[in-house]
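Have a look at the structure below before the remarks.
The values are calculated or read from the model by the stated rules, or taken from the named source; none is laboratory data. Every value quoted in this text rests on a predicted model; they were computed, and no experiment measured them. Cβ placement follows ideal geometry from the backbone for every residue including glycine, while neighbour counts extend to all protein chains displayed. Just the protein is used for accessible areas: all its heavy atoms, side chains included, with ligands, DNA and RNA removed. Shrake-Rupley method; radii C 1.70, N 1.55, O 1.52, S 1.80 Å.
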Number of protein chains: 2
Amino acid sequence: MAEPLTPTQLAHWRTFIESSWALHTRLEDELRAATGLSMNDYHVLVALADAPGRRIRMGELATRLWLSPSRITYQVTSMIKRGLVRKENCSDDGRGQEAVLTDLGVRTLREAAPAHLATVRESFIDHLDDEELAVIGRVFAKVRGK
Amino acid sequence: MAEPLTPTQLAHWRTFIESSWALHTRLEDELRAATGLSMNDYHVLVALADAPGRRIRMGELATRLWLSPSRITYQVTSMIKRGLVRKENCSDDGRGQEAVLTDLGVRTLREAAPAHLATVRESFIDHLDDEELAVIGRVFAKVRGK
């Protein structure tokens, strides 16, 4: 077992985990109330909207969103049922499947984004100066990278 | 509507939200697999273990954990069923109710903490230097404070 956290590490960790958990809960609750979308729905829509051809291989989508294979399958199946996404065979080699954003998915994201990002600004961005935000970006890129 | 996020703000925000979401998912999955506890279970156990008399008023517990009244009721009811917590009338004025940590709750937390905190160290703390961790602590105290 690794050595235990110092009291300072533990205090900062608790502040972070409780506060970020609350932030996620608030974002999810407000997004669901306004649009019916979960945060995972929203992240899938954003990832696909940014991708060339609005399509991403299932495995790559799972990696991008750090979802397990079973979670990404469940997630995409749910979005297919709602018409936001469809599955197609991979365009390049015909092996494997891609998730493709539908026109309804594009419209849904376009309608959901302004209010969601206003909540993001009000509940997070507006509390940070530029330097703090840069540290957050750097730290969480490292955390994600492993 | 507030002005939209700048590209830099949006990029840092996406890195943060996707990475921290993945971190929460990993912590929740590993905690559940090892102990059967959810992260909310764990946070309730920690909050009660730190409190005088190992008891906190329901309303204060909801505020501490940023859970809505319906969420905290559901959460505590579930923990009562598992014997981790019990409810008692408030000791000072007899009005309202307190959540009280049981002996089983104490033991459960004691058994769960080392492996959970090892995951915390490995997936988060070890990636940060002292200054970055201090910024994280400061930023998320501000975010929580609102």
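Computed quantities for the displayed model
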quantity: Only one of A:S19, A:S78 that is modelled with pLDDT of 95 or more and closer than 30 Å to B:P69 by Cβ; calculated: A:S78
quantity: Among the candidates B:L31, B:L48, residue that is hydrophobic (A, V, I, L, M, F, W, C) and within 17 Å of A:W13 (Cα to Cα); calculated: B:L31
quantity: Whichever residue in segment B:91-119 is among the basic types (K, R) and more than 14 Å from every other protein chain (Cβ to nearest Cβ) and, among such residues, is most open to solvent (accessible area, probe 1.4 Å); calculated: B:R95
quantity: Boolean, B:V76 is of a type in the set (A, V, I, L, M, F, W, C) and within 12 Å of the chain's Cα centre (by Cα); calculated: no
quantity: All positions within segment A:19-39 that are surrounded by 19 or more Cβ atoms within 10 Å (Cβ to Cβ) and in contact with a Leu (Cβ under 7 Å, 6 or more places away or on another chain); calculated: A:L31, A:L37
quantity: Some residue of segment A:5-16 being of a type outside the set (S, T, N, Q), farther than 17 Å from A:V120 by Cβ and open to solvent by 60 Å² or more (accessible area, probe 1.4 Å); calculated: yes
quantity: Residues satisfying the stated conditions in segment B:120-132, i.e. open to solvent by 10 Å² or more (accessible area, probe 1.4 Å), over 11 Å from A:K142 (Cα atoms) and not acidic (D, E); calculated: B:R121
quantity: Residue list for segment A:50-90, filter: open to solvent by 40 Å² or more (accessible area, probe 1.4 Å) and of a type in the set (A, V, I, L, M, F, W, C); calculated: A:W66, A:I80
quantity: Qualifying positions in segment B:12-38 - of a type outside the set (V, I, T) and at the interface with chain A (Cβ under 7 Å from one of its Cβ atoms); calculated: B:H12, B:W13, B:F16, B:E18, B:S19, B:S20, B:W21, B:A22, B:L23, B:H24
quantity: Pairs with Cβ under 8 Å, 6+ apart, first in segment A:120-132 and at the interface with chain B (Cβ under 7 Å from one of its Cβ atoms), second crowded, with 16+ Cβ neighbours inside 10 Å and not in a helix (DSSP H, G or I); calculated: A:V120/B:L5; A:R121/B:L5; A:I125/B:L5
quantity: From the options B:L65, B:L84, B:L27, B:L61, residue that is touching a residue at least 40 places away in the same chain (Cβ under 8 Å) and under 13 Å from the mean Cα position of the chain (by Cα); calculated: B:L27
